[in-house]
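Engineer: Can you keep this structure in mind? I'll have questions shortly.
The values are calculated or read from the model by the stated rules, or taken from the named source; none is laboratory data. Treat the numbers as computed from the prediction; the structure is a model and nothing was measured. Please note: Cβ atoms are built from the backbone with ideal geometry, for glycine as well, and neighbour counts cover all protein chains shown.
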């Protein structure tokens, strides 16, 4: 409800959100209103709604990303141990994964620009939790695909090299790379990065992913980092397996997104 006169006071007070004008509005209207537009420009409301929805959506994107990536680590470790395949990831490797794949991409997702249809989306229920039941189901599915890719690489490593650091290196590299690529999928709940309608660019996410992938590559190339993390060098074939097991979950997750609601 918008208003600027004394007679608008009761309606502004009764509305869920009462909006008054800052310059032309009366003292009564400004006092009972929830929001005061200082420049008296109604277009400001549209900008505010767009920014508010974007901030809320970006918080959801970051939380979604962090929950799905951390759950995938649990799935990989639990499944491998339960299946008698040893412990694929050491404690320091898990710490490294969290440092590389969580912090920078998670912050970058919080800086996502508004999606093109942000103002076309229906209003959300103010009482709904930031992570809904349907979100948990989606997070579990995405985590399962990421962990399946990493376990596939780990299984290949065991078949070729046996249990040990070389197989663990494949699981470590696949899981980290898969989680970083998953940040691309978390940019939108409904729009695929492979769709016709392109998402607005996010330079912060590009920098975060590029730098994290570069550091991850250095971990394999620099002997000191390899020794610290307990990993080994990889062959060209190993690299292809890592790439495939990291990209495949992205393709599956993007291909199973639901169309946006209008």
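Engineer: Is there any pair with a first residue in segment 192-217 that is assigned by TED's automatic domain parsing to the domain that holds residue 106 and a second that is loosely packed, with under 12 Cβ neighbours inside 10 Å whose Cβ atoms are under 9 Å apart and which are 6 or more apart or on different chains, and what are they?
Structural biologist: What qualifies is 192/255; 194/255.
Engineer: Checking the condition modelled with pLDDT of 80 or more and surrounded by fewer than 19 Cβ atoms within 10 Å (Cβ to Cβ), which residue from 42, 89, 111, 66 passes?
Structural biologist: Being modelled with pLDDT of 80 or more and surrounded by fewer than 19 Cβ atoms within 10 Å (Cβ to Cβ) holds for just one of 42, 89, 111, 66, which is 111.
Engineer: Of the conditions (1) surrounded by 13 or more Cβ atoms within 10 Å (Cβ to Cβ); (2) outside the structural domain of residue 177 (by TED's automatic domain parsing); (3) within 28 Å of residue 123 (Cβ to Cβ), residue 16 satisfies every one except a single condition; which number is it?
Structural biologist: Result: residue 16 fails condition (1) only.
Engineer: Can I ask one more? Picking from 207, 222, which residue would you name as being modelled with pLDDT of 95 or more and surrounded by fewer than 14 Cβ atoms within 10 Å (Cβ to Cβ)?
Structural biologist: Criteria check complete, one pass: 207.
Engineer: On to the next question. Within segment 212-226, does at least one residue satisfy the condition of being under 17 Å from residue 96 (Cα atoms) and outside any helix (DSSP H, G or I)?
Structural biologist: The answer is yes; a qualifying residue exists.
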